[in-house]
1. Identify the residue of chain B whose Cβ lies closest to the rotation axis that maps chain B onto chain A, and give that distance in whole Å.
2. For the pair residue B:348/residue B:29, report the inter-label distance in nm, with labels modelled 7 Å from Cα in the Cβ direction.
3. Calculate I(q)/I(0) for the protein assembly as shown by the Debye formula, one identical point scatterer on each C-alpha and no solvent, and give its log10 at q = 0.04, 0.10, 0.11 Å⁻¹ to two decimals.
4. Put +1 on the Cβ of every Lys and Arg and -1 on every Asp and Glu Cβ in chain A; which of A:344, A:256, A:304 then has its Cα farthest towards the positive end of the dipole?
5. Using the alpha-carbon centroid of each, what span in Å lies between segment B:95-136 and segment B:171-208?
6. Could you sort B:191, A:401 by accessible area so the largest value comes first, with the probe set to 1.4 Å?
7. Please get the size of the charge dipole for segment A:173-270, origin at its Cα centre, with Cβ charges of +1 on Lys and Arg and -1 on Asp and Glu, quoted in debye to the nearest 20.
8. Are there DSSP H segments in chain A that both extend 15 Å or more along their axis (alpha-carbon positions) and score a mean Kyte-Doolittle hydropathy of at least 0.0? List them, or say none.
Number of protein chains: 2
Amino acid sequence: MSERSAYSHDSLRRLVAPRSIAVIGASPTPRSLGARTLANLERFTGAVFPVNAKYEIVGRHRCFPDIASLPETPDCAILAIAKEGVEAALQACAQRGVGGAVIYASGYAETGNEQARQAQERLAAIGQAGGVRVVGPNCAGIAAHRDGAHAAFAEFLTALNANRPGVGLISQSGALGLALSQIATQGTAVSHVLSCGNSCDVDVADFVSYLADDPACGAIALVFEGLASPARLLAAAQHANSRGKAVVACKIATSVAGAAAARYHTATATGDTPALAGLMARAGIVAVSRVETLVETAAFFGKAPPSRSGGIAVVSSSGGTGIIAADTAERLGVPMPQPSAPTAALLKAAIPDFGAARNPCDATAQATSNAQSFLDCVAAMLADPGYAAVVLPLGRTMAASTLAPVGALARAAGKAVCVVWMNQAIGDNGASDIAADPDLALFRSMDSCFHALAAWLNRK
Amino acid sequence: MSERSAYSHDSLRRLVAPRSIAVIGASPTPRSLGARTLANLERFTGAVFPVNAKYEIVGRHRCFPDIASLPETPDCAILAIAKEGVEAALQACAQRGVGGAVIYASGYAETGNEQARQAQERLAAIGQAGGVRVVGPNCAGIAAHRDGAHAAFAEFLTALNANRPGVGLISQSGALGLALSQIATQGTAVSHVLSCGNSCDVDVADFVSYLADDPACGAIALVFEGLASPARLLAAAQHANSRGKAVVACKIATSVAGAAAARYHTATATGDTPALAGLMARAGIVAVSRVETLVETAAFFGKAPPSRSGGIAVVSSSGGTGIIAADTAERLGVPMPQPSAPTAALLKAAIPDFGAARNPCDATAQATSNAQSFLDCVAAMLADPGYAAVVLPLGRTMAASTLAPVGALARAAGKAVCVVWMNQAIGDNGASDIAADPDLALFRSMDSCFHALAAWLNRK
């Protein structure tokens, strides 16, 4: 089992992008997993088939007593039922020819109980034998923005801007996936939220493989505890990279105490973290250590052009934030060369005498009242062949309209522009406008920004 | 000069807590520094005296031609005028007996020009000779919440909850102070925002000394580039500690490139960072390396009881966040011992079988629908003598009413409770409610939380 290759996009399509979904255990009981699942399917454009022998109608859907009596074979079945009924229901799915199953029930390998572990293995075997790809058990479900295919009890948030790709988020933990997906309320496009819990069959590597070939996904954000097969993830990540998609990963359970907690969580063997980190780096996976920086880093890679030679230029309206940028760049080994003489002359012409016409460029507080001075500095830096990217630390809110021309300049120059939001009015709409811009990457930490830039420069 | 002690609270009172403020260069011109300053004084309960020979009235105030003609001597004068007029105006302030002056003008030592440096020294000398405490030049001003004394052109935000103390924020950079002060929109109480720019007279150490004896301030957050006298800061910090107030500091310009940028910013000699770090640690100053964690760390110290023996307990509704807590604690050397047998029994009774009745305690997603189960776990951990503090990672929004009893439990137990907001709907109101709670500390990063706890445990 552990030596199989990652499932292909096509082999997971009925699971992740279904045209029809059965909800086994559908229920009108408020807050029940069945009711929450149906509510999450409100936006689904395909057919929904509630299955529950107790009801003839659930919500606005006709309800069926069992899988066998459905009018058509669903692509995906959600098992929103207690552990006791799961095995039989999965058997019924296999007999009916269902393409994928999502199993919420807990009480399997994560209990540490041998019988429970064997029960989990039986689920995997049923899926293998019947050609049903199984997500879970002990999972919160999966959600694809396209067609509203949210096969989940967790209220995962997804959002896409126009037809542009978003971040595909993969999380072993459903709760972490739920928490991280909330960034979709802040302007960041999220194409998928895929959780896999105990991963008896489909695991994070399979989801990487799936997203590599999904055009709605522009970059992959992955948080996981451990892997059945590191080789599978590495191959899937290389496949994603070959499709032009970065895989950004946060490996948790890196400590002795964290690994112990992971055994109670998803029964995951967390592996040799340093060895895995080395393998991941060689496979081109971008590592982040703080989970709160995962999605913003992936969003950057989804927007940035291919990496190019050169250093980083910083333009700020505050000397203090420029200093922090310079400190962070030096600490992380990111080059911040001085501008060429012509660039320096352009900077000098654009800013007051008491500013700093260098790198970092301090356009001074005047930039907040004279946007043109700020934009002139950004344009000068983007035009300088010594720079691959420009970082704009924003200490105070700047109108989205001010920064709007910057994205077009960056695109024309084939360079990356990162805005670092130093303002602690952290839910500010100005930040959302930047995050939603197809050509501007938003970071909420200078450290996170320069870690991403270091990884980006090293990809060339 | 560099060897004097820090100014006492009393000697800075007319500057920071004035009963009357003159605005030299007051102006009705929109966006002028004078107009912005007057707007920021709207809430000031004392007398405001605009000074400008061009006007008889500015806004709703009578305007005076010069300092000499004011009907009374102002405690504080703001010099919102261009560099050319600053020296004469400061002389006039000294002659009139003004207690403190705030100088906005740039173009002094930060230009690197010798004449400009001498001009700055003359300002310091005028202040010394006349008994006027001088803030600046090249500064954005200072703001005290009490009485609305915002002697600043920057729109610093301050806010206090009832009569409880808040964080006193000191920033050499006005723009950074402005950016960080926006946390006051997110529930965190901020008593002061004090910037000092080039620091020709009053510097960050003096402000620490001032805040040590201000009851509106419960903890001090400090971000700075360099110090004229490290000994002055260390003594001031020890004085603050003796008043029960932690000083949390973020030293920037720690790199070669950052130090170069600082010379252009505030003409600060940034010093030997590793040596200073050692001195600061011995003086009980809590260091943070990422500026975005500065104010939340100070707010924690302002709320936490005196440090006590023991380890840290973690209760989460998500196994994933518990794993991250365990990883972070182990990496930072923070003990997370297992609960006593009676505590473990209480946990086991409170959570489902598939949860983890240990440390970290995974109360599972059930905790989000059954708040009592979560609260029972928190109460059990707070009652266990092995723990000094409890960390609650929140992956999804939990109603403030759910957590409200936790603060009272923590206070009764004399223990600290930290909520780590893992939810990336980062401007969510739920977080503001937690930040505003007098007994709950809010962190937006697990790393920041455990760094603060490590420092707190080490203070005992």
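1. B:427, 0
2. Output for this residue pair reads 7.7 nm.
3. Treating every Cα as an identical point scatterer, log10 I(q)/I(0) equals -0.20, -1.09, -1.25.
4. Toward the positive end, the furthest listed residue is A:304.
5. Their Cα centres are 19 Å away from one another.
6. Values: B:191 0, A:401 90 Å².
Ranked list, largest accessible area first: A:401, B:191.
7. Working: 5 positive and 6 negative charges, 45 e Å.
Here segment A:173-270 has a charge dipole of around 220 debye.
8. On the way: long enough: A:83-96 (20 Å, -0.36); A:114-130 (24 Å, -0.79); A:230-242 (18 Å, -0.04); A:256-266 (16 Å, 0.28); A:319-331 (18 Å, 0.02); A:371-383 (18 Å, 1.42); A:400-413 (20 Å, 1.04); A:446-458 (18 Å, 0.64).
Long hydrophobic helices here: A:256-266, A:319-331, A:371-383, A:400-413, A:446-458.
The values are calculated or read from the model by the stated rules, or taken from the named source; none is laboratory data. Keep in mind the model is a prediction, meaning the values are calculated, not measured. Virtual Cβ from ideal backbone geometry, glycine too; neighbours counted across all protein chains shown. Just the protein is used for accessible areas: all its heavy atoms, side chains included, with ligands, DNA and RNA removed. Shrake-Rupley method; radii C 1.70, N 1.55, O 1.52, S 1.80 Å.
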